[in-house]
Amino acid sequence: MSIHINLGQWNTIFAVPSALVDRHLKLSTEAQLKVLLYLLRHAGEELVASDVAAALGYAEDEVLNAVEFWTQRELLLSDGGELSSKASIQQQDDAPLSPEPTPHKTAASRARRPDSSYVAALLSRDANLSGLLEEAQTALGKPLSPGDTATLVMLYDTFGLPCEVLAMLIHYAVDTGSGNMRAIERMGISWSDKGIYTVDEAEREIVRLSSCDRAWKHVSSLFGIRSVGRPTRSQLEHAVRWTSDWAFSDEMLTEAYERCVDTKGEFNIRYLNGILSRWHEKGIRSLDTLFEYEQQPKKSKNAKKSSSAIYSSKNASYDIKLLEQQSLFDE
């Protein structure tokens with residue numbers, strides 16, 4: 001007779017650090033615990049926040065806030081993109097674990113968020129920063145998580161954005177439906193890169209961004225495009241160019257869009273920009289002018305073309321593929 005232990009589901013287990021129970025269990029939320037347990041269970045795998053969020057039924061921001069919580073407590077290490085448990089990050093050639101991961105050279109990872117002790121010390125002596133955090137909570141309509149607070153402190157202390165500028169940024173983000181900390185962080189770093197450090201500069205940037213938003217809303221409505229989420233930078237800049245810089249009428253935009261769809265079978269922003277670029281270059285401002293131009297006799301196909309120019313003469317046909325390649329704004 002053989003005897004064995006019936007382990008059942010205990011046949012598959014994974015380690016949980018003692019510090020989780022000894023020091024952090026009382027302070028951690030349900031979401032933070034679930035995220036950490038999920039990451040520990042999948043230690044060694046490449047994970048992104050969206051995958052974890054889908055598996056646990058949380059919003060991506062909640063997952064990122066939980067990761068920030070455990071990173072500050074040194075149970076997780078973040079390399080700027082991949083989510084990993086501290087114990088699963090191994091160096092090549094079995095070298096010792098590095099206390100500081102090497103970040104990717106991206107805007108969002110150029111500076112580490114400050115830890116909780118540094119944030120507390122800074123808040124204790126900076127009334128303006130404390131006021132900003134209160135205003136941010138009111139604008140966002142929710143309490144700030146430790147990760148949210150650290151992000152705003154980083155934008156203020158590391159990237160140098162004054163409290164009044166950050167307040168304007170937060171209100172603009174909320175007004176445009178981007179009232180989440182990831183969007184605020186990206187926008188804040190972008191403003192710092194552009195040197196937007198005063199209220200006047202912030203006002204001008206908000207006016208510019210609002211103009212881009214209106215232009216894309218008009219263009220997408222004209223084309224019948226159903227936008228999902230925020231438009232991309234390319235979409236915004238194209239829309240401003242077509243409607244403001246080149247000042248095309250709705251009928252010309254519609255004609256260009258229909259030709260694009262007839263040729264490509266779908267909306268292709270680079271192809272459409274190539275068509276409008278051609279018309280702008282030729283000074284074609286109306287459908288009558290366009291049809292009249294297209295009825296003119298073409299130059300011989302064997303006419304010599306300059307290797308550095310798209311057009312050989314004012315009446316030459318255009319190479320739309322070349323226009324696509326030379327589009328000023330890529331997707």
Rounded to the nearest 0.05, what FRET efficiency is calculated for residue 222 and residue 157 with R0 set to 45 Å and r the Cβ-Cβ distance?
0.55
Cβ-defined net charge surrounding residue 167, 12 Å radius [Lys, Arg +1; Asp, Glu -1]
-3
Using a simple spin-label model with points 7 Å from Cα along the Cα→Cβ vector, what separation in nm is obtained for residue 13 and residue 288?
8.6
Rounded if a/c is under 1.5, else prolate if a/b is larger than b/c, else oblate: which is segment 11-77, with a ≥ b ≥ c the root eigenvalues of its Cα gyration tensor?
oblate
Residue 258 paired with residue 210, simple spin-label distance in nm, labels 7 Å along Cα-to-beta-carbon:
3.5
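Each value in this text was obtained by applying a stated rule to the coordinates, not by laboratory testing. Computed from a predicted structure; not experimentally measured. Counting neighbours? That spans all protein chains shown, and the Cβs are built from the backbone with ideal geometry, glycine included.
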